[in-house]
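The values are calculated or read from the model by the stated rules, or taken from the named source; none is laboratory data. Just so you know, these numbers come straight off a predicted model, no measurement behind them. Here Cβ is always computed from backbone atoms with ideal geometry, including for glycine, and neighbour counts include all displayed protein chains.
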Amino acid sequence: MQVFVTGATGFVGSAVTAELLAHGHRVVGLARSERSAAALRQMGADVLRGDLAAPETLRAGAGTCDAIIHTGFIHDFSRFAESCAIDRAAIETLGAAIEGTAKPLIVTAGLASLDAAGPVAREADAALPPTDAYPRASEAAASALAARGIRAGVMRLPPSVHGRGDHGFVPMLIDMARQKGLSAYIGAGSNVWPAVHVTDAASAFRLAVERGAGTGTFHAVAEQGIPFRAIAQAIAAGLDLPCVSLTPDEARDHFGWFSGFASLDQAASSERTQALLGWNPTGPDLLADIRDAGYFGGASETSVPK
């Protein structure tokens, strides 16, 4: 199978690319720069130069491949609404390019904004619609494609997709702790984050396209819910800093724009995903990775917006 991967040199996308290649598939990776193109060639992937805002490039990639995995997103929180609009347009373009075919499109979404029916979010739970406060519309765009008969599915990722090279939420928390001189949680810190190792997430994407999953929602979740206090304590231990509880008002000052994520309390199950795809996550857990996967080797690649 030949698979078109957007975001193919990102943290998740590069793991997806490596996973597909290791299982005998060909990969065409979208590359915005020559540096990204060189990285893809070194991995053994083919390269399509372009970016998410170039619809003709997206159509070309979708047209020449048997399946599409969309992991690309512009992670610039200073222009988040613009990034969300580009993402939505890219998904619509990819879907239109495969309309009338049996090609699957797997779109990446998050577990941070669900209308869960119970204390544990499940694949059948609907995503909250995009709003001005949180305009990301990846799942809404994929659902609209599926309603047109296009084989668009959604892979929901937890707040922490972790592993060596991570530049997501955990490194952001580490940077905040370094800057503030302490690691923090809110109240009792009993709110929980689900998590998955990046190689396990990659295998979930591969299985989704291999098994022709098409429409449907999947959860790449290995750990159902880790108390945020435990994450803060692991960061404090790694930096040799105090770990403290903050009031909600203090937390808004400490975490700033990240406060909503720091207070996120959403356990999630992947029972249906594991059953449908035969997915069996085996990677290290989040707290072990914080300790062992190089998270404290220096300042992370992710800057914390002021």
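Checked against (1) assigned to a loop (DSSP other than H, G, I, E, B); (2) of a type outside the set (D, E, K, R); (3) crowded, with 18+ Cβ neighbours inside 10 Å, S190 passes all but a single condition, namely (3). Of all residues in the range 111-155, those that are within 23 Å of A288 (Cβ to Cβ) and either among the hydroxyl-bearing types (S, T, Y) or assigned to a strand (DSSP E or B) (or both) total 1. Taking the range 218-256 as the range and being in a strand (DSSP E or B) and of a type outside the set (A, V, I, L, M, F, W, C) as the test, the residues that pass are H219, E223, Q224, G225, P227, S245. Among the residues of the range 1-18, the ones that are closer than 14 Å to T108 by Cα, in contact with a helix residue (DSSP H, G or I) (Cβ under 8 Å, 6 or more places away or on another chain) and assigned to a loop (DSSP other than H, G, I, E, B) come to 2 in all. Examine the range 250-269 for a residue that is modelled with pLDDT of 95 or more, under 27 Å from P119 (Cβ atoms), in contact with a Ser or Thr (Cβ under 8 Å, 6 or more places away or on another chain) and among the aliphatic types (A, V, I, L, M), and state whether such a residue exists. Checked against the condition, which is being modelled with pLDDT of 95 or more, under 27 Å from P119 (Cβ atoms), in contact with a Ser or Thr (Cβ under 8 Å, 6 or more places away or on another chain) and among the aliphatic types (A, V, I, L, M), the range 250-269 yields at least one hit. So which residues in the range 175-185 are buried (at least 23 other Cβ atoms within 10 Å of the Cβ) and either of a type outside the set (F, W, Y) or at pLDDT below 95 (or both)? Hits for the range 175-185 are S183, A184.
For the range 44-103, a tally of residues being touching a Pro at 6+ places or on another chain (Cβ under 7 Å) and either over 26 Å from A133 (Cα atoms) or of a type in the set (G, A, S) (or both) returns 3. Under the condition of being in contact with an Asp or Glu (Cβ under 8 Å, 6 or more places away or on another chain) and among the charged types (D, E, K, R), the residues counted in the range 1-48 number 2.
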